[in-house]
Amino acid sequence: MAGIKNRTEMMEKMDKEMLEQVLRIFMRYGIKSMTMDDVSRELKISKKTLYKYVTDKADLVTKVLQFECDSDHEMVEKFAAESDSAIEELLRITHHIGEKVSAVHPSIHFDLEKYYPEAWEVFSNYKKNTAYRTVLANLKRGIREGYYRKDLNPEIMTRIHISRIDIVFDGELFPPSLFHFGDVFREMMTYHIHGIANEKGIELLKQKLKNDQIIKLSH
């Protein structure tokens, strides 16, 4: 039994490591342009080995995106638990996500929506469920702590904020040759924080940025 358990744990570990590597590959080169031959070559494994984990490229893309969404959710929950305020939580999320989108290939969002419907559904569900609950919880926390405006409607503001996510990756609105995804995301978050915080919240924001307790919103 121990041998079976060890082999299972090894397979799970290998699967996670593979997904992390494939995620980096897609973020660097894009999705549509990478064939399974390209992916296996970058992973330094045979295509036969790669197909032990997935049925086809669409399955690989879906698994990678689900892994990324799950990883982000774990990290965001960690930020919420460790942060001493809703403001700090938002700053930590902004830095974490901002660094990630800075490394995203310009075509990824378009590739997912046009060519990989199952993976796109994973992303859409993440926004509608996980991201929605995270934003709503932060807004309610900020109001409760006295850092956000008491007159704001958390449900409405959450829906507005979630709707902005796709705008960050809109290549027509923000051409990659002129705008960096990371910069667009950080500006969006700066706009969000200043729109929901009251005077006390803005003062805490300035204090944390001044003391370098959190990486600044923009570089």
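Counting other C-beta atoms within 10 Å, and keeping those with at most 15, which DSSP coil GluC sites (Glu not before Pro) do you find in segment 122-219?
Numbers: sites: Glu145, Glu155, Glu172, Glu187, Glu199, Glu203; in loops: Glu172.
Counting only loop positions with at most 15 other Cβ atoms within 10 Å, the GluC sites (Glu not before Pro) in segment 122-219 are Glu172.
Which whole-Hz couplings ³J(HN,Hα) result when phi for each residue of segment 119-134 is put into the Karplus expression 6.51 cos²θ - 1.76 cosθ + 1.60, θ = phi - 60°, listed in order with x for Gly and Pro?
5, 4, 5, 4, 5, 5, 5, 4, 5, 6, 10, 4, 4, 4, 5, 5
As an exercise, identify the trypsin sites (Lys or Arg not before Pro) in segment 87-167 lying in DSSP coil whose Cβ has no more than 10 other Cβ atoms within 10 Å.
On the way: sites: Arg92, Lys100, Lys114, Lys127, Lys128, Arg133, Lys140, Arg141, Arg144, Arg149, Lys150, Arg159, Arg164; in loops: Arg149, Lys150, Arg164.
In loop regions of segment 87-167 (DSSP not H, G, I, E or B), the sparsely surrounded trypsin sites (Lys or Arg not before Pro) are Lys150.
Counting pairs of alpha carbon atoms under 8 Å apart in space and at least six apart in sequence, what relative contact order in percent does the chain give?
24 percent
Loop only per DSSP, at most 14 neighbouring Cβ atoms within 10 Å: give me the chymotrypsin sites (Phe, Trp or Tyr not before Pro) in segment 34-117, ordered by residue number. Kindly include the intermediate steps, with their values, before the conclusion.
On the way: sites: Tyr51, Tyr53, Phe67, Phe79, Phe110, Tyr115; in loops: Tyr51, Tyr53.
Taking segment 34-117 and a limit of 14 other Cβ atoms within 10 Å, the loop chymotrypsin sites (Phe, Trp or Tyr not before Pro) found are Tyr51.
In which sequence would Phe174, Phe26, Phe169 go, from the one with the fewest C-beta neighbours within 10 Å to the one with the most?
Working: Phe174 17, Phe26 25, Phe169 21.
Taking fewest neighbouring Cβ atoms as first place, the list is Phe174, Phe169, Phe26.
Quick check on the exposure proxy: order Tyr147, Tyr132, Tyr126 from fewest to most C-beta atoms within 10 angstrom.
Placing the least packed residue first, the sequence is Tyr132, Tyr126, Tyr147.
Give me Ser33, Ser83 ranked fewest to most by other Cβ atoms within 10 Å of their Cβ, as a rough exposure proxy.
With the sparsest Cβ surroundings first, the list reads Ser33, Ser83.
Nearest 500 deg cm²/dmol is fine: what mean residue ellipticity at 222 nm does the chain get from its DSSP H runs of n ≥ 4 alone, each adding -39,500 (n - 2.57), divided by its residue count?
On the way: 12 runs with 156 residues, N = 219.
The per-residue figure over the chain is -22500 deg cm²/dmol.
For Asp166 and Tyr51, what does the FRET efficiency come to when R0 = 35 Å and r is the distance between their Cβ atoms, rounded to the nearest 0.05? Don't skip to the answer; put the middle values down first.
Values: r = 32 Å, r/R0 = 0.92.
Once the sixth-power term is evaluated, E becomes 0.60.
Could you give me the ³J(HN,Hα) list for segment 75-84, computed from phi with Karplus coefficients 6.51, -1.76, 1.60 and θ = phi - 60°, whole Hz, x at Gly and Pro?
Here the 3J(HN,Hα) series is 5, 5, 4, 5, 4, 4, 6, 8, 6, 8 Hz.
At q = 0.10, 0.18, 0.19 Å⁻¹, what base-10 log of I(q)/I(0) does the Debye formula yield for segment 57-210 when every alpha carbon is treated as an equal point scatterer in vacuo?
-0.37, -1.15, -1.26
A short reminder: the numbers here are calculations on the coordinates, not readings from a lab. Bear in mind the structure is a predicted one, so any value in this text is a computation, not a measurement. Neighbour counts run over all protein chains shown; Cβ positions are idealised from the backbone, glycine included.
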